[in-house]
Amino acid sequence: MLRGILRYIAIVLILSVVLVSVAYFSDISRAYERVSGKSTVIPSPYGDIEFTEGGSGPDVLVIHGSGGGYDQGELLVQAELGDKFHWITPSRFGYLRSTFHENATFDDQAHAYAYLLDHLGIKKVAVVALSHGGPSALLFAALYPENVTHTLLGSVFEIVILLGKEAPSGNDPETSVQFAPPSTVLDTAFSFKV
């Protein structure tokens, strides 16, 4: 009797693993089909940079968070920007077809954005960043202020610990970065005009 129950449990577990695996691989396959062939990949000193672009109007660099690559940036464009802006949505290091670097820093990612914009012949952009795209967006704005017209950060709380310390309100004279009080950084709305 006990042996029969254990056999039944083993069969149910095996079938469950098989069904979950089939569903997972089917979902992954659909996701790769959805993003394949839509982007452009360029070589750079920072590795391959994948991106898409579209729309017309003022230039906007849209930087995705941790939930996807350029495709997440495109979702943000569809939801908030539409085609009234010329948007550029790169995949950050390690996402989709952009090169993964073992020791890459947010500074390296910011330099890669500058390389991409230079490659596209774009001199100035507004920067919109979501979640974990925020640190590299903030560094891009700090390292290339002549290229940035506006910076909008959404759901980017980690910025207050970007420098490895609790960020004060006001200016930090060591970094020339202006900090907002943490309560205003927690969740920024996506609406702006260029």
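For L96, are the conditions met, namely being in contact (Cβ under 8 Å) with a residue 12 or more places away in the chain, under 18 Å from A126 (Cβ atoms) and within 18 Å of the chain's Cα centre (by Cα)? Write out each step before concluding.
On the way: in contact (Cβ under 8 Å) with a residue 12 or more places away in the chain: yes; under 18 Å from A126 (Cβ atoms): no; within 18 Å of the chain's Cα centre (by Cα): yes.
Here the answer is no, as L96 does not meet what is asked.
All of (1) at pLDDT 90 or above; (2) among the acidic types (D, E); (3) open to solvent by less than 30 Å² (accessible area, probe 1.4 Å) hold for D71 with one exception: (1). Out of all the residues in region 133-154, which are of a type outside the set (A, V, I, L, M) and in contact with a strand residue (DSSP E or B) (Cβ under 9 Å, 6 or more places away or on another chain)? Result: G133, G134, P135, S136, F140, N147, T149, H150, T151, G154.
The residues in region 110-126 that are touching a residue at least 60 places away in the same chain (Cβ under 8 Å) and over 11 Å from L61 (Cα atoms) can be counted, and the count is 5. One residue stands out among those in region 78-98 that are among the aliphatic types (A, V, I, L, M) and modelled with pLDDT under 85: the one that is farthest from S44 (Cα to Cα), which is A79. The single condition among (1) basic (K, R); (2) at pLDDT below 90; (3) more than 17 Å from Y70 (Cβ to Cβ); (4) in contact with a strand residue (DSSP E or B) (Cβ under 9 Å, 6 or more places away or on another chain) that K165 does not meet is (4). Candidates are the residues of region 34-52 that are open to solvent by less than 20 Å² (accessible area, probe 1.4 Å) and in a strand (DSSP E or B); the one that is farthest from A112 (Cα to Cα) is T52.
Applying the criterion of being part of a helix (DSSP H, G or I) and modelled with pLDDT of 90 or more to the residues of region 143-157, the residue that is surrounded by the most Cβ atoms within 10 Å (Cβ to Cβ) is N147. If you go through region 122-142 and keep only what is crowded, with 24+ Cβ neighbours inside 10 Å and of a type in the set (D, E, K, R), you end up with nothing.
The values are calculated or read from the model by the stated rules, or taken from the named source; none is laboratory data. Worth saying up front: this structure is predicted, and the values here are computed from it rather than measured. A quick note on method: Cβ atoms are made from the backbone with ideal geometry, for glycine too, and the neighbour counts reach across all protein chains shown. The accessibility values were calculated without ligands, DNA or RNA, using every heavy atom of the protein model including side chains. Shrake-Rupley method; radii C 1.70, N 1.55, O 1.52, S 1.80 Å.
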